[in-house]
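Down below is the structure, laid out as structure tokens.
Quick note: the coordinates plus some simple rules give every number you see, no bench work behind them. Since the structure is predicted, the reported quantities are computational estimates derived from the model, not experimental observations. Backbone-built Cβ (ideal geometry, glycine too); neighbour counts: all protein chains shown.
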Amino acid sequence: MPKDYLSGRALYIFRKPQYTRAMKTQVTSILISLTLIGCGEGRLTSLEDEQDIGPDTSIEMDAGSDQNSTPDMQVLEDVGVPDASLPDMVPDMPPEICARLKVTVEASLTLNIRPTPSTAQAPVGSLTRGFVVAAVDLVEGEDVGGETRWYQIESPRGDGYVHYDFVECTEDELTTMPIGYYMPFACNAQHRVTQGPGGGTSHSGNAAFAYDFACGSGTSIRAMMGGTVSRLSMATQPGDPCYNGGTSACSNASNYIMLAHPNGQTTIYKHLNSASVAEGAQVSVGQEIGKSGNTGWSTGPHLHIGVCDGATTNQFCQTVDFSFVDIGKPGNVTVTSGNCP
């Protein structure tokens with residue numbers, strides 16, 4: 001597209017079939033900085049010397065036309081001040097794609113990340129107010145409230161699509177996932193704490209700072225922090241006496257996984273039915289490591305977790321005080337997982 005290098009504006013060129021009556025009165029000649037005289041045989045001559053300026057700078061007329069004919073293409077005469085009628089002639093241009101987007105939903109809400117630009121499928125993640133993500137593309141999708149535009153995004157909480165109305169362009173830095181311990185469940189999963197640190201049932205001594213979460217057998221259990229699978233025991237299987245729970249006599253029969261972390265601590269996940277990883281495997285925060293169950297000393301399906309100091313492989317290691325990044329130090333309440341890598 002030609003450009004007016006004095007004003008920096010792009011000039012639109014219109015072909016003859018697109019002319020309107022109003023345009024014909026405006027598009028009359030080529031008159032940019034140079035005063036021209038004469039148009040003989042389709043060539044331009046200058047006022048100073050009237051000499052042929054050569055084939056490289058000549059403008060050819062339509063074949064078979066005389067000098068009074070309208071050329072196939074004309075440049076808008078006034079390049080300095082746009083005419084009031086021009087906006088109706090200029091085609092709509094697509095909006096600019098931002099590099100980064102900030103979530104603008106109310107503080108009490110979350111913005112769903114969808115696998116496609118529609119609400120037809122379940123979310124793959126969610127974003128809270130102020131979260132800054134990378135914009136990949138702006139696409140057309142499902143009409144939501146009269147708006148059909150959706151942004152394709154990349155974020156620590158999932159890649160996919162968010163609706164145009166709930167984000168805005170920003171120059172703020174991208175939001176990253178803080179390092180720390182997260183709830184051991186999938187992003188946005190809700191579970192109730194049934195026993196916390198110092199709980200009167202069994203959380204004393206080595207388990208003084210442990211947490212129990214109610215969850216049905218087969219619930220996906222996620223790594224609270226990235227690390228290495230340092231110990232894994234799945235000795236109790238269906239049909240065994242302690243597979244569906246039992247008394248303190250089953251305390252050694254709980255299936256469990258232990259992860260060693262870069263901060264020098266170890267996390268333990270107990271009462272599992274199965275493992276999704278192998279000993280020695282590297283895992284990332286939020287990655288599934290197993291499925292919950294009711295094995296060992298347990299009165300019902302649940303997950304027991306704790307944090308221990310050092311790179312221990314002892315399932316009865318001394319737990320230490322810690323705080324979750326996403327839920328802090330909850331009491332016996334229902335909490336929502338922010339383990340959303």
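A few comments on the model shown:
- Coarse-grained scattering of segment 191-341 at q = 0.12 Å⁻¹, given as base-10 log I(q)/I(0) from a Debye sum over alpha-carbon atoms: -0.43
- Taking other C-beta atoms within 10 Å as the exposure proxy, His271, His304, His191 rank His191, His304, His271 from fewest upward.
- Karplus 3J(HN,Hα) series, Hz, for segment 271-280 with 6.51 cos²θ - 1.76 cosθ + 1.60 (x for Gly, Pro): 6, 6, 8, 7, 10, 10, 9, 10, 4, x
- Cut-off under 5 Å, modelled amide H: who pairs with Val144 long-range: none
- Over segment 97-193, the fraction of Cα-Cα pairs per 5 Å bin, rounded to whole percents and listed from the shortest bin up, is 2, 14, 23, 26, 18, 9, 5, 2, 0.
- As a proxy for reagent exposure, ranking Tyr211, Tyr164 by other Cβ atoms within 10 Å from fewest up yields Tyr164, Tyr211.
- Once both labels are positioned 7 Å from their Cα atoms along Cα-to-Cβ, the gap between Ser274 and Glu154 label points is 3.3 nm.
- A crude spin-label estimate for the pair Ala249 and Thr119, with each label 7 Å from Cα along the Cβ direction, gives 5.5 nm.
- The simple spin-label model puts a point 7 Å past each Cα toward its Cβ; for Lys329 and Ala134 those points are separated by 3.7 nm.
- Computed over segment 178-260, the alpha-carbon pair-distance distribution with 10 angstrom bins reads 14, 40, 42, 5, 0, each value a whole percent.
- Summing +1 for each Lys or Arg and -1 for each Asp or Glu among the other residues whose beta-carbon sits under 12 angstrom from that of Ile153 gives +1.
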